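The values are calculated or read from the model by the stated rules, or taken from the named source; none is laboratory data. Note that the structure is a prediction, hence the values are computed from the model and not measured. Here the Cβ is made from the backbone with ideal geometry for all residues, glycine too, and neighbour counts use every protein chain on show. Just so you know, the surface numbers come from the protein's heavy atoms only, side chains and all, with ligands and any DNA or RNA stripped out. Shrake-Rupley method; radii C 1.70, N 1.55, O 1.52, S 1.80 Å.
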Amino acid sequence: MDILGIDIGGSGIKGALVNAETGEMLTERYRIPTPKSRKPDEMAQVVAQIVDHFNYKGPVGCGFPSIVKNGVCLSPGNLHPSWVGVNVDELFTEITGQEFTVLNDADAAGYASMNYGAGKGKDGLVIMITIGTGLGSGAFFNGKLIPNFELGQIPYKKYKKIEKWAAASAKERENLSFKKWGKRFNKFLALVELIVSPDLIIVGGGTSKNWEEFSHHIDIETHVIKAELMNHAGIIGAAVACLREQHHGHLSS
């Protein structure tokens, strides 16, 4: 079954058609910059543009960069505060005319890794970390998703959440070298290790393509590996999750 997967990020909204059985991307990724306002209505219009670009009819899986419970946004993350309380499933379904299943973006990336990538067949507690505007995290225990495991929200020193200090956006904002930023990222991983004692950490997201630039600064006991699917994992995982999660948006009859 071919499913449209959409990955919403703080800087870009991307989509592609995915074979939900094999995890193969069937089209080139189509990307539109995230509206500067990061407000619901403007972002929903961009999502509709992506659906129209593929002339797609059918269920859509969508990774969203914040806490999503039963389709409802519970925290704004790096988006506009007006997202809180919005049923994202229903908003995107209404705007596009296609039924949406929306989940946390790192959970979606984790779905891809656990089904088709580095996490396939891995038991125990596996944590997926996605490095982008924020620090997303998805957790799987014996292959089953534990939703909304938002470790990037941990307070750290003067920061309300550690992702403000250790995400790729901090590297860019402060013009940090990979060495300086890599040490920050390692500190974040050390806290993850202390708090949840994972068996494996998989690192994905846009910055993972520069793995060789910063991986030697990672110095924790837990085994840490790069996600094979890297920046496509969010799209692929969202498409797969669309068939496995239950909180679909519903079209009005």
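All conditions in (1) open to solvent by 90 Å² or more (accessible area, probe 1.4 Å); (2) under 30 Å from GLY61 (Cα atoms); (3) at pLDDT 95 or above hold for ILE195, with the sole exception of (2).
Table: residues versus (1) over 20 Å from VAL240 (Cβ atoms); (2) in contact with a His (Cβ under 9 Å, 6 or more places away or on another chain); (3) modelled with pLDDT of 95 or more; (4) of a type in the set (Ser, Thr, Tyr).
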site	(1), (2), (3), (4)
LEU4	no, no, yes, no
ILE13	no, no, yes, no
GLU24	no, no, no, no
PRO33	yes, no, yes, no
ARG38	yes, yes, yes, no
ASP41	yes, no, yes, no
ALA44	yes, no, yes, no
ASP52	yes, no, yes, no
LYS57	no, no, yes, no
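Those residues that are exposed (fewer than 15 other Cβ atoms within 10 Å of the Cβ), of a type outside the set (Lys, Arg) and farther than 25 Å from TYR111 by Cα, I need them from region 140-175; list them, please. Result: PRO155, TYR159, GLU172, GLU174, ASN175.
Residues in region 73-102 that are in a strand (DSSP E or B) and either open to solvent by 10 Å² or more (accessible area, probe 1.4 Å) or more than 15 Å from GLY5 (Cβ to Cβ) (or both): 2 in all. Looking at GLY97, GLY12, GLY63, just one residue is closer than 26 Å to ALA170 by Cβ and touching a residue at least 60 places away in the same chain (Cβ under 8 Å), and that residue is GLY63. Consider region 59-72 and keep the residues that are among the hydrophobic types (A, V, I, L, M, F, W, C) and open to solvent by 30 Å² or more (accessible area, probe 1.4 Å). The one that is modelled with the highest pLDDT is VAL72. Listed by first and then second residue, the pairs linking a residue in region 221-243 that is open to solvent by 10 Å² or more (accessible area, probe 1.4 Å) to a residue that is outside any loop (DSSP other than H, G, I, E, B) and among the charged types (D, E, K, R), with Cβ atoms under 7 Å apart and 6 or more places separating them unless they lie on different chains, are GLU221/GLU193; THR222/GLU193; MET230/LYS209; ASN231/LYS209. Taking region 130-150 as the range and being touching a Phe, Trp or Tyr at 6+ places or on another chain (Cβ under 8 Å) and either under 19 Å from LEU194 (Cα atoms) or of a type in the set (S, T, N, Q) (or both) as the test, the residues that pass are LEU135, SER137, GLY138, ALA139, ILE146. Is it the case that some residue within region 65-84 is among the hydroxyl-bearing types (Ser, Thr, Tyr) and over 13 Å from the mean Cα position of the chain (by Cα)? Within region 65-84, one or more residues are among the hydroxyl-bearing types (Ser, Thr, Tyr) and over 13 Å from the mean Cα position of the chain (by Cα). Applying the condition of being within 17 Å of the chain's Cα centre (by Cα) and of a type in the set (A, V, I, L, M) to region 163-188 and asking which residue is nearest to ASN70 (Cα to Cα) yields ALA167. Can you name the residue in region 148-183 that is free of Cβ contacts under 8 Å to residues at least 12 places away in the same chain and of a type in the set (Ser, Thr, Tyr) and is also farthest from GLY136 (Cα to Cα) among such residues? Step by step, filter region 148-183, then rank; the result is SER177.
Only a single item in (1) assigned to a helix (DSSP H, G or I); (2) at pLDDT below 95; (3) out of contact with any Asp or Glu (no Cβ under 7 Å at 6 or more places or on another chain) is not met by SER253, and it is number (1). Looking at region 1-45, the strands (runs of 3 or more DSSP E) lying wholly inside it that each contain 3 or more residues that are under 18 Å from the mean Cα position of the chain (by Cα) and surrounded by 18 or more Cβ atoms within 10 Å (Cβ to Cβ) sit at 2-8, 12-19.
Select from region 2-39 the residues that are at positive phi and out of contact with any helix residue (DSSP H, G or I) (no Cβ under 6 Å at 6 or more places or on another chain) and list them in ascending order. Once the filter is applied, which keeps residues that are at positive phi and out of contact with any helix residue (DSSP H, G or I) (no Cβ under 6 Å at 6 or more places or on another chain), region 2-39 yields only ARG38.
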